[in-house]
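The values are calculated or read from the model by the stated rules, or taken from the named source; none is laboratory data. Predicted, not measured: the structure shown is a model, and the values here were computed from it. Methodologically, a virtual Cβ is constructed for each residue, glycine included, from the backbone with ideal geometry; neighbour enumeration extends over all protein chains shown.
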Amino acid sequence: MRRLNSRFGMIYPSHRHAERSPAVRRETGRDLAFSLVRHVGLVLALVIGACGQQTAAPKITKIEPPNWWIGLPNPMIMFTGENLENAQVSIAAGGIHVRRTQPGRNGHYLFAWLEIGKKASPGEISLSVTTAGGKQTAQWRLEKRNPAGESFALNQGFNGFGPDDVIYLIMPDRFADGDPGNNFPASGTYNRSDPRAYHGGDLRGIQDHLLYLRDLGVTTIWLTPIYNNDDHTGRDYHGYGAVDLYKVEEHLGTLADYQSLVKAAHGQGIKVILDIVPNHIGPTNPWATDPPTDHWLHGTPEHHSTVNDQFQHLTDPHASPREWRDIVEGWFAGVLPDMGTDDPITSQFLRQNAMWWAETGALDGFRLDTFPYVDRLFWHDFHSAIHGAYPVFKTVGEVSGFDPVIAAYFVGKKKTDGIDTGVDTVFDFSLYSALRKVILHDAPPTLLEQVLQNDWLFPQPQLLVTFLGNHDNPRFMGEAGATPEKLNLAFSLLLTMRGIPQIYAGDEIGMPGGDDPDNRRDFPGGFPGDARNAFTPAGRTPDEQKIFNHVRSLLHLRQQHPALRWGKYVHIFGDDHTLVYVRTFRGEKIRAERLLLLMNNADQSHTVEVEISDTVLADAKTVTRIMAEHDAALSPGTKIKVELPARSLSIYQVDSR
Ligand SMILES: [Ca+2]
Ligand SMILES: [Ca+2]
Ligand SMILES: [Ca+2]
């Protein structure tokens, strides 16, 4: 693949991504040379200028990160302010010193790389920024690491997630309002009848409903981004347009609320995954018009390309560089400034930012937004740092699109295109699409088998995050022909097939909703003045209760049966309306078990006879009901005969004793 180097207007040969890496580094060397030339030029200009006017004193308005931890990788500090062209940084604290500094653009930014030694002690530290015109000293905090970051003690954070977990996706603004004090009605950003305004949901509201989640059987929550978003338009309730990467959105709460929520969740045995967005920032982020370096962003508000989702151009070794660049450097939706993730300074800033949220909250994982739109080398470096600091921590990348070949191109733990992205897993959009086609549009269930046939593409298919819905797609119940029975059947499959299931908040009571933002309605009962409270049985309609009970039963069944979480998946039989599969678990510490699952996707009940000779069921001696209406009739060594109710999944345990 050849890639146009937009910065220097030349094309360099970069056959595959492996060669992009040294190319980026070469460019960096050049940048330093240019920066030196600029620097010398600036000094001359200042010497000449000094004859006419005095050099101004530095002014610091912001330090990012605002604090750091002893024992995490040495940080790069970015100062924002005025008159920082020729500033130097000094520190009056033992065991910590400045390795180098580098000015940013416009005199508005300054970078300093710190080295924090073993003798450094936690506490307030004075950072002094000095120019010929004066000095400003600012306070910065160095802290002790959270001990759980090294011990991985159960329910203390940094624990990652896996097939033992069920992830529950929450958009904090739309779940529950636990603090009306942060709704800011006077600001014009809060309006519950406007689907694109803030509705008042917040972090405290989630904390107030942890017992509901625990009772349902959820073990992990995924929060959509909580970064500070635009404070004026009130259109950024979703969190994907950050204006400050080091602040919690004021409508959602405070940093203390974030820490309190994660701690309380851990107290209930629930892990927390935060959604982070290294790819882009919000249009009103100050960086859009005043970026910290020349390479901080790809393009400017006036000149930039727009992304498309034709990811095959990224995987295609013969694609033109323009097509590759549009996806990786284009602005999302044409309006969200694209971060210069291929620049080492920007890359380090974003890595540290992610680590800061992890360490501050004692998080368990990240959901990585818009994964393919960021270059592979960034993800490689990102994961080296994150997994280096938190070996058990897990990440899941959003690779939308239904082709498993493309999803597998991005997944980590294997080198593709010369680079291992390091991402632990990706969402299984391909299974999502097949589940909806089979259950809602009566496609043959063998479509599900076809999805699983591609599992060889993934190093750890059991870690794929499977789902029926999310905040970017119409709700299952928002689709034509959806019924509570079909939703229940879809959940039965989701929660018994391989993978780590993810449930979108509200789907467990069959909430309706079409395209965004209609798929993001408020959870009934989460908000002051709601007519009913669907967090309680009394507040649910009969259909909602039926779905809730079913999902809850399945989640608890999953907890009881390791075969549903870790079992090897084996296809047995499929026809136009039937799918039969087995999950076998060969436990060492836990008892081995074998489960037989039979789906009937027809509107009528019917009896199936499953030939078992020459299958993993050939040695079956008993077949016991686990979640099924009828007993199964076993003819040892030859067949299992069972009546399957309409639109149902029946589960049996098979023993050879
Ligand atoms: Ca609120
Ligand atoms: Ca805000
Ligand atoms: Ca990008």
Residue list for region 537-591, restricted to those being modelled with pLDDT of 95 or more and among the β-branched types (Val, Ile, Thr): Thr541, Ile547, Val551, Val570, Ile572, Thr578, Val580, Val582, Thr584
Restricting attention to region 211-231, and to residues there that are hydroxyl-bearing (Ser, Thr, Tyr) and more than 14 Å from His280 (Cα to Cα), which single residue is nearest to ligand 3 (Cβ to nearest atom)? Thr224
Name the pairs whose Cβ atoms lie under 6 Å apart, with the first residue in region 93-109 and closer than 22 Å to Gln139 by Cβ and in the same structural domain as Asn74 (by TED's automatic domain parsing), the second modelled with pLDDT under 95 and surrounded by fewer than 19 Cβ atoms within 10 Å (Cβ to Cβ), and 6 or more positions between them or separate chains? Gly94/Lys119; Gly95/Gly117; Gly95/Lys119
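Run down Gly200, Gly205 and say which single residue is assigned to a loop (DSSP other than H, G, I, E, B), touching a residue at least 40 places away in the same chain (Cβ under 8 Å) and not β-branched (Val, Ile, Thr).
Result of the check over Gly200, Gly205: Gly200.
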Scope region 232-270; condition away from ligand 3 (no atom under 16 Å from the Cβ) and in contact with a Gly (Cβ under 7 Å, 6 or more places away or on another chain); matching residues: Gly234, Asp236, Val243, Glu249, Tyr258, Gln259, Val262, His266
If we ask which residues in region 154-188 are of a type outside the set (Val, Ile, Thr), part of a loop (DSSP other than H, G, I, E, B) and either within 30 Å of His383 (Cβ to Cβ) or more than 16 Å from ligand 1 (Cβ to nearest atom) (or both), their number turns out to be 14
Scan region 567-574 and give yes if some residue there is out of contact with any Lys or Arg (no Cβ under 9 Å at 6 or more places or on another chain) and without any contact (Cβ under 8 Å) to a residue 60 or more places away in the chain, otherwise no. yes
As an exercise: evaluate Arg376 against (1) surrounded by 24 or more Cβ atoms within 10 Å (Cβ to Cβ); (2) under 20 Å from Pro225 (Cα atoms) and give the number of the one condition it does not meet. (2)
Could you go through region 581-604 and let me know if any residue there is surrounded by fewer than 18 Cβ atoms within 10 Å (Cβ to Cβ), among the polar types (S, T, N, Q) and touching an Asp or Glu at 6+ places or on another chain (Cβ under 7 Å). no
State the number of residues belonging to region 190-220 that are more than 12 Å from ligand 1 (Cβ to nearest atom) and farther than 26 Å from Leu555 by Cα. 6
Identify the single condition in (1) without any contact (Cβ under 8 Å) to a residue 12 or more places away in the chain; (2) within 20 Å of Arg565 (Cβ to Cβ) that Asp614 does not satisfy, given that it satisfies every other one. (2)
Criterion (of a type in the set (Gly, Ala, Ser), free of Cβ contacts under 8 Å to residues at least 60 places away in the same chain, away from ligand 1 (no atom under 16 Å from the Cβ) and crowded, with 22+ Cβ neighbours inside 10 Å) met by exactly one of Gly365, Gly299, Gly330, Gly340: Gly340
Does region 41-64 contain any residue that is within 26 Å of Gly388 (Cβ to Cβ), at pLDDT 50 or above and not assigned by TED's automatic domain parsing to the domain that holds Ser384? yes
Please find, within region 384-443, the residue that is surrounded by the most Cβ atoms within 10 Å (Cβ to Cβ) out of those that are touching a helix residue (DSSP H, G or I) at 6+ places or on another chain (Cβ under 6 Å) and part of a strand (DSSP E or B). Val426
Residue pairs within 8 Å by beta carbon, gap of at least six or interchain, first lying in region 217-236 and on the phi > 0 side of the Ramachandran plot, second among the small types (Gly, Ala, Ser) and away from ligand 3 (no atom under 16 Å from the Cβ), listed first then second, are Gly234/Ser187; Gly234/Gly188; Gly234/Ala197
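Could you look through region 312-326, keep only residues that are of a type in the set (A, V, I, L, M, F, W, C) and more than 30 Å from Ala389 (Cα to Cα), and pick out the one that is farthest from ligand 1 (Cβ to nearest atom)?
Selected residue: Ala319.
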Which pairs have Cβ atoms under 7 Å, sit 6 or more apart or on different chains, and link a residue in region 390-409 that is assigned by TED's automatic domain parsing to the domain that holds Ile273 and under 10 Å from Pro372 (Cα atoms) to one that is small (Gly, Ala, Ser) and crowded, with 18+ Cβ neighbours inside 10 Å? Val399/Ala407; Ala407/Ser430
Among Val272, Val243, which is aliphatic (A, V, I, L, M), in contact with a strand residue (DSSP E or B) (Cβ under 8 Å, 6 or more places away or on another chain) and crowded, with 22+ Cβ neighbours inside 10 Å? Val272
